[in-house]
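The values are calculated or read from the model by the stated rules, or taken from the named source; none is laboratory data. Since the model is a prediction, treat every value here as computed from it, not as a measurement. Positions of Cβ are backbone-derived with ideal geometry, glycine not excepted, and every protein chain shown enters the neighbour counts. Surface accessibility is based on the protein's heavy atoms, side chains included, excluding ligands, DNA and RNA. Shrake-Rupley method; radii C 1.70, N 1.55, O 1.52, S 1.80 Å.
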Amino acid sequence: MVYLIFILYPVIQAVWMGFYERDLLSLDRQEFIGVDNYVEMFWGDGLVWKAGTMWPWRIIGLLGIIPAVVAFRRGRLRAGSLVAIIIGLIAVFGVIMGIHPGEGGRWNDSQFWPSFGNTLVFVIMSTPVIVGVGLAMALALNRPGRLVGVLRTLFFAPYVLSVSVLTLIWAFLLSPQLGLIGAFWRSIGLEPVSWLTDPSLAMPTIVALTLWWTVGFNVVLFLAGLQDIDESQYEAASLDGANGWQRFRHITVPGLRRTLLLITVLQIIASFQIFGQVFILTRGGPNGATRVSIQHIYEAAFRDAQLGYASAMSVFLFVVMVGVSALQFNFMGGDNR
Amino acid sequence: MSSRPTRTIGYAILTALAAVWIIPLIWMFSLALSDNDALARDTTNLLPVQATTDNFVTLLESGRTPGWLFNSVVVTVATTVFTLILSAMAGYAFARIPFKGKRIAFPLVLAGLMVPKEAMFIPLFLIFADFEQHNTYHALVLPRIAAPLGVFIMTQFFSEIPGEFEEAAVIDGASRWTIFRRIMLPMSVPALTALGIFTFVQTWNDYLWPLVSATDPDMFTITTGLASRQGNFAQASALGDLMAQGVFASAPLLILFFIFQRQVIRGISMGSGSK
C-alpha cells in the first residue's frame, strides 16, 4: 500500500495535475484547463520551421539511424523497434528541432527548452566521462593487493558526502582568490580561472566535480563485473598470443556487457536528475548556462507558484527518462534475450 | 598479466588520482580546524593554521546547527528503521507467502523502481500540502520508506534461501511469524546491514525533498541547512565555521562508511548488479 501511495500515485497525480491550473498560494482553488499547460510548455507565438536550424546537432542525431540499422542487420533489434527508432529520430531531429520562433515570435515559456537543453548537455557530457573514467579506474584497480583496496575506498569516499558538502568544498576550491586550484594556477605562472562564472566553462566544471563525487559508485560496480570474468580466459588468450588491447576487446568488453549497460542506464537516469550541484553553486548562472530542468520545475512551482504547470513539466521529464532507459535496454540488451 | 613498465605507469597515475580525490577532503578538515582570522589572510594550506577547535565549539553553542543535526538524526534513523522493517516483511511475503494479488502487486513494486524520484517531487508536495503536513518529521520520513529497491533486494534475498530451513520448522510446528522472526531475519542480517547503510546515507544526504517540504529553518536537515548558508560566497569571513559545519554534515557518513565499507560495497553490487 505504501508503495502505491508514495510512488505510483504521484505519477497519476502528476498526469492529472498537468491538466489543471493550481496556485501555490491558494491551494484549494483549482481549475481544469485541459492541455493549456502543455501548450504553454511546448509551444509559442509565431513559430516557424526551417531546415537549417541547429543543423549540426540534428545531423548528428539523424546519424543515429545508422547504428540502429546495423544492429537490426546483425539481428540484435526487432523490426518493430527499428521502425520506432527511425520514426522517433526523424520526428525529433528532422522535424521538431527545426521549429523555432520566427521574426518577432517567441516561446510561451522562454526558459523551458533552454533548461531542458542544458539538462541534455549535462547528460551527454557527463555520461561518457563518468562511465568511461569509472571503467578505466576499475581496470587499473582490478588486481589483488592491499594498496588497491585502500585506493578503492578512497575513490568511493566522496560518494557518501551530501550535495551541500560537495558544493561547499568545491565552491571554495574553485574560487580564484581563495581556492587551492587558483593558488596552483598562480604557482605555475598562470592567471586563475573563474570556473563557475565563465558561461563556456561552468557546465564542464559541474561535470568535473560530479565526476569526483560519484565515479566511485561506477568503479565499485565495474569491479564487481570484472570479478565475474573467468581469469582462465585471459590466460588462454595470452597463450594464443593476444595483446592487451585484443584481450580487452574480446574478453573484457563482452564479459562486461551487462554491467556496462546497467551502469550507463543508471548514469543517464542520475544525470537527468541533476539539480543540487547547479542550484547551490550557480543558481543556474552564469546567464542561464547551467539552468536545468529540475530547477525550472522547482522555480515554476515555488517561485512562480504554478503547481499545475510544474506538474506538467514533471510528466514530460518523467516520460523522457523512462523512454531513454527503455530504448537503452532494448538496444544494448537485444542479444541477451 | 601486464608488463613491468605499464604497471609502474599505472601505479603512478593511480597515486596522482588518489591525491586529487583526497586533497579536497583534507582541505575541508584543515580549514575547519583553522583560526578564522588566520583564514582571512591565507586559505591555501593543507594543514590547519593556528589549529583550534573554536569553530566546532561556536557551532555547537549557538545558532541552528545542533537543531539541524538533531533533525537529520531523527529523520535518518526513523527512515532507516522503517525501511528495514517494511522491506524485510514485504520481501518475505513476496518471496515465500502465496497471497491473492501478488501477481499484480510485485510488478507494481518493480514499476516503482522505474519512477525517478526527482521528477515526482511536485505531486508528492501536493499530497502533503493537501493534508497540511509540511514541516513535520513524518513528511520527511514517509515518502522515503516506500523503497521499491529495498523490497526488491529483500525479495531476491529471501527467494535464494533454500526451502528446507522452513520445512524443518513447519514440521516442528512453528508459525509463519516465528519462522520469519527466528529463521529468516537472522539469516538476512548481512543483506539488511547493507540495505540499512545505503538507506542511511541516501536519507542523510537527501536534498530536494527536505528543501521542498521543510521550509521552516528550524526544520532544516543538516544537508539543506548547510546548503542554505551557501547563498553568498563573497562573505568568506567565517570560512572556518562553514567548513566545520561541512565536517559535521559529513563525519557521520564517513565514519559509518569506513567501518562498514565491505557491506556498503557489497550492498551496491547487490542493489544494482543483480537486476
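What do you get for the angle between helix B:121-130 and the principal long axis of chain B? Use alpha-carbon atoms, 0 to 90 degrees, nearest ten.
80 degrees
Treating the angle as unsigned and between 0 and 90°, give the value, to the nearest 10°, between the Cα long axis of helix B:4-32 and the longest Cα principal axis of chain B.
Orientation of helix B:4-32: about 70 degrees from the principal axis.
Which angle from 0 to 90°, rounded to the nearest 10, does the C-alpha axis of helix B:102-114 make with the longest principal axis of chain B?
Roughly 20 degrees between the two axes.
Just to be sure I understand the model, the point goes 7 Å from the Cα along the line to the Cβ. What's the resulting A:GLN111 to B:THR52 distance in nm?
Modelled inter-label distance: 4.2 nm.
Tell me, what is the per residue accessible area of segment B:63-273 in Å², probe radius 1.4 Å?
43 Å²
Using only the Cα atoms, what convex hull volume per residue in Å³ does segment A:110-337 have?
158 Å³
Pull out a ≥ b ≥ c, the square roots of the eigenvalues of the alpha-carbon gyration tensor of segment B:104-224, then state rounded if a/c is under 1.5, prolate if not and a/b is larger than b/c, and oblate in the remaining case.
prolate
Between A:VAL193 and A:PHE248, what is the label-point separation in nm under the 7 Å Cα-to-beta-carbon projection?
2.5 nm
Within chain B, what whole-number % of the accessible surface is contributed by carbon and sulfur, with the 1.4 Å probe and all protein chains included in the calculation?
Here carbon and sulfur together make up 66 percent of the probe-accessible area.
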